Amino acid sequence: MNRITKVLCLTAMMALMGSAANAQFRQSIFLNGGLATGQFASKVNTNRVDIFGVTFTDATVPLYREEIGKAATPGFGLGYRASYRFDVGMGEVAPFVQADVFWNFIKSEWSDKYIQAKGKAPNYFNIPVMVGVSYLYDELWNDITPYAEFGVGADLFIIGSEKIVNPIDGKTYTYSYKPTVALSWMFGVGTYFGRHVSAGVYYYGLGKHVVSYTTKTYNSFNEIMKTAIDKGTVPTRTVGELALRIGFHF
């Protein structure tokens with residue numbers, strides 16, 4: 001190793017040590033408000049064939065897996081983030097890891113149908129876990145720090161069970177679902193107001209989830225229903241959230 005190489009290595013080590021010394025560990029808690037997008041917000045097909053082979057031409061429940069995961073209302077939730085901030089001369093860079101929860105209900109026109117059927121409407125939960133990086137420009141005003149950030153990860157989509165009371169036999173039927181985990185991403189811009197409060201607008205692309213019945217639900221079907229299910233294609237749902245996030249940073 002020649003002298004120039006040694007000097008460059010020593011300089012790089014000193015720069016890394018200096019950056020580490022100046023790094024600031026931060027924890028953040030977010031309040032999330034989300035507007036469903038994509039198929040997640042799309043209308044339920046009211047002219048459809050259910051698993052019994054019956055064609056419906058008006059709004060009816062249950063939705064079954066063919067239409068479940070649609071008609072989501074605006075929702076809300078929480079988030080947690082751990083990050084390190086590094087001064088890069090022209091602002092700061094902050095790698096982070098975070099987890100969010102979004103909770104959306106099904107639209108009232110459908111929840112009312114479940115009430116009429118003496119059942120329970122499904123709720124929707126999305127839990128994206130991501131790693132990413134923020135860039136903060138801290139030289140605009142003393143207390144105003146704009147930022148932009150991007151993250152990638154995986155989303156866990158949870159669909160609550162739907163229940164109805166069959167008017168023919170009076171029995172309660174439950175349909176439960178197990179969507180697959182999907183690749184997700186998010187992009188957001190916003191600003192800090194001082195050191196401890198921020199507000200931003202984000203888009204969460206929460207991926208395409210394959211929606212299947214749980215084994216318990218599938219085993220509760222009779223042979224006619226099982227045959228109809230086996231012949232059908234397994235539906236997918238593309239889920240997204242346009243979110244407003246208020247952050248508290250410590």
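All of the numbers you see were taken from the coordinates with simple rules; none came from a lab. Fair warning: this is a prediction, and the values are worked out from it, not measured in the lab. Cβ atoms come from the backbone with ideal geometry, glycine included; neighbour counts cover every protein chain shown.
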Revision key, fill the gap. Going through region 190-224 in order, the residues found to be hydrophobic (A, V, I, L, M, F, W, C) and either in contact with a helix residue (DSSP H, G or I) (Cβ under 9 Å, 6 or more places away or on another chain) or closer than 19 Å to Gln24 by Cβ (or both) are Phe193, Val197, Leu206, Val211, Phe221
Exercise for review: Working only within region 78-100, note down all residues that are touching a residue at least 12 places away in the same chain (Cβ under 8 Å) and at positive phi.
Suggested key: Gly91
Point to revise | Failed criterion for Arg195 (all others in (1) under 30 Å from Asn142 (Cα atoms); (2) assigned to a strand (DSSP E or B) hold) | key: (2)
Point to revise | Breaking point among (1) under 30 Å from Tyr84 (Cα atoms); (2) buried (at least 17 other Cβ atoms within 10 Å of the Cβ), for His196 | key: (2)
Exercise for review: Mind listing just one residue for me: the one in region 120-151 that is buried (at least 20 other Cβ atoms within 10 Å of the Cβ) and part of a loop (DSSP other than H, G, I, E, B) and, of those, nearest to the chain's Cα centre (by Cα)?
Suggested key: Pro122
Point to revise | Selection from region 168-194 of residues that are out of contact with any Phe, Trp or Tyr (no Cβ under 9 Å at 6 or more places or on another chain), in contact (Cβ under 8 Å) with a residue 40 or more places away in the chain and not polar (S, T, N, Q) | key: Tyr173, Phe193, Gly194
Review point. Taking region 162-190 on its own, how many of its residues are of a type in the set (A, V, I, L, M, F, W, C), within 15 Å of Thr236 (Cα to Cα) and in a strand (DSSP E or B)?
Key: 2
Exercise for review: May I ask you to say which residue of Ser184, Ser176 is on the phi < 0 side of the Ramachandran plot, out of contact with any Ser or Thr (no Cβ under 7 Å at 6 or more places or on another chain) and not hydrophobic (A, V, I, L, M, F, W, C)?
Suggested key: Ser184
**Study point:** Meets criteria (part of a strand (DSSP E or B) and of a type in the set (Ser, Thr, Tyr)) for Thr238
**Key:** yes
Review point. Can you find even one residue in region 202-213 that is assigned to a loop (DSSP other than H, G, I, E, B) and either surrounded by 14 or more Cβ atoms within 10 Å (Cβ to Cβ) or not polar (S, T, N, Q) (or both)?
Key: yes
